[in-house]
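The next block holds one structure in the form of structure tokens; read it before the comments.
The values are calculated or read from the model by the stated rules, or taken from the named source; none is laboratory data. Since we're looking at a predicted model, the values are computed, not measured. Using ideal geometry, Cβ is built from the backbone for each residue, glycine included, and neighbour counts are taken over all protein chains shown. Side chains included, ligands, DNA and RNA excluded: accessible areas come from the protein's heavy atoms. Shrake-Rupley method; radii C 1.70, N 1.55, O 1.52, S 1.80 Å.
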Amino acid sequence: MLIEAAHKPHERLGAHLKDEMASVNALISQRMASKNAPRIPEVTAHLVDAGGKRLRPMLTLAAAKLCGYTGPYHIHLAATVEFIHTATLLHDDVVDESGQRRGRPTANLLWDNKSSVLVGDYLFSRSFQLMVETGNLQVLDILANASATIAEGEVLQLTAAQDLATDEAVYLQVVRGKTAALFSAATEVGGVIAGASEAQVKALFDYGDALGVSFQIVDDLLDFTGGDAIGKNIGDDFRERKLTLPLIKAVANADAEERAFWTRTIEKGRQQDGDLDHALKLMNKHGALEDTRADAMVWADKAKTALKALPNDPIRDMLNDIADYVVARIS
């Protein structure tokens, strides 16, 4: 059986939601079409078909089913969430000047920056059309706010990334914006469309928020401890001068000599051979990597705690296992 063959929690959830996910994928294919601009489906299909886990739309479907929803609009909302996610990836790759995502060349590399930005805009527009079709104003409010929060988080990261004054509170603000906002919106709208109680909708939001924060912290830690696990080279964030949590923790404990090193490499960008090794040495000296790992585990635990307010159901167990799986790569 498919369910038995799928051993990872998100794969088990995908197997459980197989029919709904097929409907979501069909709706995505239908709505990313364009008669007038064939480049739109070309660019979109390159990213949509790249083999991502589709975790965010699955969370929407799971939340709706967990709360007893039997209508059709969780499909629209799951497609909406995937379109918003894909649009942000297209824009991010332009901003970051990325050449690779999920082991494949990025759209901006295969086509150009203009195509990536404009197709991203098209997907945002499509996502709002899908939201409106649900006829639910609260859903529209949640997803519109999430879209604004994601953009705000990305802009905040631009200004904070290379500023040694960036602390953990600002980092959390960035992560809550650029990553957790879509996770929490994905789970929250599932509960809203199902007519769940206020307490259950809040629990779904809290689960998505904590899961998203943990997810991003793990990615930032793996950049320094196991880049292959996320398809990146170790130290990419250091080379790109991004002040992520492990670096922020090391900078916070730096003496004058260490701070001069961080100023040269991160703020001024004057990096040379051996700097990454020295950066790793300083992070280990101050326990920054271990502390970052502990933070990720705390957020995963917060996600699991939030689930306790939701109905006892196999889907809830799978959502619990997903929180464990997010941090399994670093435990």
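Here are the numbers for the structure shown:
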{"read-out": "Yes/no for Gly68 being on the phi > 0 side of the Ramachandran plot, at pLDDT 90 or above and not in a helix (DSSP H, G or I)", "value": "yes"}
{"read-out": "Condition met for Ala294 (open to solvent by less than 60 Å² (accessible area, probe 1.4 Å), free of Cβ contacts under 8 Å to residues at least 12 places away in the same chain and either farther than 30 Å from Gly68 by Cα or in a helix (DSSP H, G or I) (or both))", "value": "yes"}
{"read-out": "Among residues of the stretch 153-173, those that are touching a Lys or Arg at 6+ places or on another chain (Cβ under 9 Å), in a helix (DSSP H, G or I) and modelled with pLDDT of 90 or more, counted", "value": "3"}
{"read-out": "Some residue of the stretch 250-262 being under 26 Å from the mean Cα position of the chain (by Cα), of a type outside the set (Val, Ile, Thr), open to solvent by less than 30 Å² (accessible area, probe 1.4 Å) and closer than 30 Å to Val201 by Cβ", "value": "no"}
{"read-out": "Selection from the stretch 131-150 of residues that are under 19 Å from Ser184 (Cα atoms), part of a helix (DSSP H, G or I) and in contact (Cβ under 8 Å) with a residue 60 or more places away in the chain", "value": "Val139, Leu143, Ala146, Ser147, Ile150"}
{"read-out": "Selected residue (only one of Lys268, Lys285, Lys308, Lys302 is open to solvent by 10 Å² or more (accessible area, probe 1.4 Å), modelled with pLDDT of 95 or more and over 26 Å from the mean Cα position of the chain (by Cα))", "value": "Lys285"}
{"read-out": "Long-range neighbours under 7 Å by Cβ, at least six apart or interchain, first residue of a type in the set (Lys, Arg) within the stretch 259-288, second open to solvent by 70 Å² or more (accessible area, probe 1.4 Å)", "value": "Arg264/Arg270"}
{"read-out": "Filter result (open to solvent by less than 40 Å² (accessible area, probe 1.4 Å) and closer than 16 Å to Ala78 by Cα) within the stretch 137-155", "value": "Val139, Ile142, Leu143, Ala144, Ala146, Ser147"}
